[in-house]
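Trainee: Okay, handing you the structure first.
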Amino acid sequence: MLFEHLLTRYRGLFATVVLLPISVTYAIWLGIRNRIVFLLKSAPAKHDLKVQKVIEQIEDWKQAGCKEKLCTARSGWKSMSELVPKYKLSHRNIHIDLYDILDLDEAREVVKVEPLVTMGQLSRNLLSRGWTLPVMPELEDLTVGGLIMGFGVETSSHKYGLFQFICESFEIVTAEGKLLRCSQSENQELFYLIPWSHGTLGFLVSAELKIIPAKKYVRLEYLPLYGLDDLMRTFEDESRNT
Ligand SMILES: Cc1cc2nc3c(=O)[nH]c(=O)nc-3n(C[C@H](O)[C@H](O)[C@H](O)COP(=O)(O)OP(=O)(O)OC[C@H]3O[C@@H](n4cnc5c(N)ncnc54)[C@H](O)[C@@H]3O)c2cc1C
């Protein structure tokens, strides 16, 4: 009780002296680790093994009689959502340790990523090669998995659509423990059902996303508009002008 009172009363001090240094140290460690993995291209070799570990956890659950529901083991504090995921205490937690950029295919203009790749990580690594996502949600900690299985949008969605519209393919592991790849030409129905499905169709283990060339600076042009009709017409024209 006293501890709770002190923590609430002096929360500014606690956040400054304890939380901020921990957050900064964690962010620096993650940044260095992700950059090294991207430069060494070490993630693709380990990807299949990590997916196999996801499948093995599902096989164990099946062998134990499929008693609990399945969910990702990702802790609530890592997610952007303010929801406290109490259901994770009673569900079977599946560890999906997939944090890396797998391949940057500049010829196809596609980047292949694992689901826990964050927007900050992707933005920094793509920009270093002169690319970006057409829809890059601006909060650094949002993950590819969350933006596909949950929901993703950014200002450029006026031009390119929601986050799901920049997705070329997905790989999921189903509750049967099967690895399925889907795209517009392969398991097409599943491909269109995955966005917003919140993990109900399976665990996302990779996604291919479209990329576009990015320059260092953005040129802004201000257009004076007079009246609602003028605003709507210009807004639509500019949105369609991709
Ligand atoms: C302050 C705030 C600002 C926000 N701003 C934006 C914004 O600018 N643009 C935007 O698009 N959204 C925004 N959001 C919402 C955010 O996009 C969604 O909450 C998104 O789903 C969160 O992503 P996350 O990476 O934290 O995923 P999580 O919350 O961890 O996951 C979202 C859902 O996807 C499921 N999931 C995640 N990974 C997998 C996987 N590998 N396999 C199966 N299922 C999986 C989870 O179970 C959950 O149901 C904001 C939210 C907050 C709280």
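Trainee: What's the extension gain from residue 25 to residue 240 if we count 0.36 nm per residue and subtract their Cα-Cα distance?
Mentor: Extra length available between residue 25 and residue 240 comes to 73.1 nm.
Trainee: Using 0.36 nm per residue, how much length does the chain from residue 124 to residue 198 gain when fully extended, once their Cα-Cα distance is taken away?
Mentor: The span from residue 124 to residue 198 would gain 24.0 nm if fully extended.
Trainee: Right, something else. Could you calculate, for the range 1-67, the ratio of the Cα radius of gyration to the Kirkwood radius, expressed as Rg to Rh?
Mentor: Dividing the radius of gyration by the Kirkwood radius yields 1.28.
Trainee: Please list the radius of gyration and Dmax for the range 125-225, considering alpha-carbon atoms only, with Å as the unit.
Mentor: My reading of the Cα-based Rg and Dmax gives 15.6, 57 Å.
Trainee: How big, in percent, is the set of alpha carbon pairs in the range 166-242 lying more than 20 Å apart?
Mentor: 54
Trainee: Against the empirical 2.2 N^0.38 Å scaling, what ratio does the C-alpha Rg of the chain come to? Before the final figure, lay out the partial values.
Mentor: Values: Rg = 20.8 Å, N = 242, 2.2 N^0.38 = 17.7 Å.
In units of the globular-protein estimate, the chain measures up at 1.18.
Trainee: Could you list the GluC sites (Glu not before Pro) in the range 174-214 that lie in coil according to DSSP, counting only those with at most 11 other Cβ atoms within 10 Å of their Cβ?
Mentor: In loop regions of the range 174-214 (DSSP not H, G, I, E or B), the sparsely surrounded GluC sites (Glu not before Pro) are 176.
Trainee: Do any of 78/215; 86/112; 159/215; 67/88 go past 22 Å between their Cα atoms, and which? Walk me through the numbers on the way to the answer.
Mentor: Numbers: 78/215 31 Å; 86/112 32 Å; 159/215 18 Å; 67/88 14 Å.
Listed pairs above 22 Å: 78/215; 86/112.
Trainee: Loop only per DSSP, at most 10 neighbouring Cβ atoms within 10 Å: give me the GluC sites (Glu not before Pro) in the range 213-242, ordered by residue number.
Mentor: 221
Trainee: What's the Cα-based Rg to Rh of the range 56-140, Rh via Kirkwood?
Mentor: When Rh is taken as the Kirkwood radius, the ratio is 1.09.
Trainee: Residue 178: which aspartates and glutamates have alpha carbons under 14 Å from its alpha carbon, excluding same-chain residues fewer than 8 sequence positions away?
Mentor: The qualifying aspartates and glutamates are 48, 56, 59, 60.
Trainee: Then there's this: What chymotrypsin sites (Phe, Trp or Tyr not before Pro) does the range 175-231 have in DSSP loop regions with at most 10 other beta carbons within 10 Å?
Mentor: 217, 222, 226
Just so you know, all these numbers are worked out from the coordinates, no wet-lab data involved. Just so you know, these numbers come straight off a predicted model, no measurement behind them. All Cβ positions, glycine included, derive from the backbone under ideal geometry; neighbour counts span all protein chains shown.
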